[in-house]
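To start, the structure itself, in structure tokens.
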Amino acid sequence: MSGRVFRLHSTLELPLEDVEDYFENDPDLPPEIDDVDITRRNNTLIFKAESDDESISKYTPTAQLKASVTETRVYEEEPPRAGGPQWMDEEEEIPSELVEFACFKGDRETVLQNSALQYPMFLVLREIALRSEKGTLTAITEDDGDLRATRIVEGEERPATVEVVESPQGNGEGNGGVNWRDNEFISD
């Protein structure tokens, strides 16, 4: 399998327990990835691709996904808003629990690191995104010579296209900037 990842942006957040369950239940990994090694260092998770391919040296850093771990209080029902009506003398405590979330947030170099097995590891991130209820994953990839756009919003795949433009600022004419050569405010 060939493939490359050109652009990637992720704001995915999902319960750490869901991510761990995904990897513990023997997921269908791309054929290039034999296993995924998960390491936690303080509040950072690193998912490293392991390959049994002999052509990849054991000293070659393989692709890895990086996520931060945050704790968020999750309420069973909506908590009352501050400044709301105070007609109740007793305040009832709303049942809640502290949940750890894995947050895959950032651009390509932040979330998906190293180039060996990068595209197969992107496919793993894509599967994680389809299980996420919060956040988006957008990417431009190449697979077998074809450019592909990926857009997953809150676990649902959405339509996406790749558009090639001459200039990212507009029509490519360059009329939107200051013409410094003929500027009357600059004296000779």
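Please treat every number below as a calculation from the coordinates, not as lab data. On a predicted model such as this, the values are computed, not experimentally measured, just so you know. Cβ coordinates were reconstructed from backbone atoms using ideal geometry, including for glycine residues, and neighbour counts include every protein chain displayed.
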Fill in: C-alpha center-to-center spacing [the range 1-78, the range 98-144] in angstrom
8 Å
Fill in: Reachable lysines, given that their alpha-carbon falls under 16 Å from the alpha-carbon of LYS48 and they are not under 8 places away in the same chain
LYS58, LYS66
Worksheet, complete the sentence: Each label sits 7 Å from Cα toward the beta-carbon; between HIS9 and LYS105 the label points are separated, in nm, by 1.5 nm
Worksheet, complete the sentence: Hydrodynamic calc, the range 22-76: Kirkwood Rh from Cα pairs, then Stokes-Einstein at 37 °C with viscosity 0.692 mPa s, so D in µm² s⁻¹ is 248 µm²/s
Worksheet item: If you place +1 on the Cβ of every Lys and Arg and -1 on the Cβ of every Asp and Glu, how big does the dipole about the Cα centre of the range 91-145 come out, in debye to the nearest 20?
Response: 360 debye
Discussion item. Which order do the peptides 18-28, 99-109, 56-66 come out in when sorted by mean C-beta neighbours inside 10 angstrom, highest first?
Written reply: 99-109, 56-66, 18-28
Worksheet item: Using a Förster distance of 45 Å, how high is the FRET efficiency between ASP18 and TYR59, based on the Cβ-Cβ distance and rounded to 0.05?
Response: 0.85
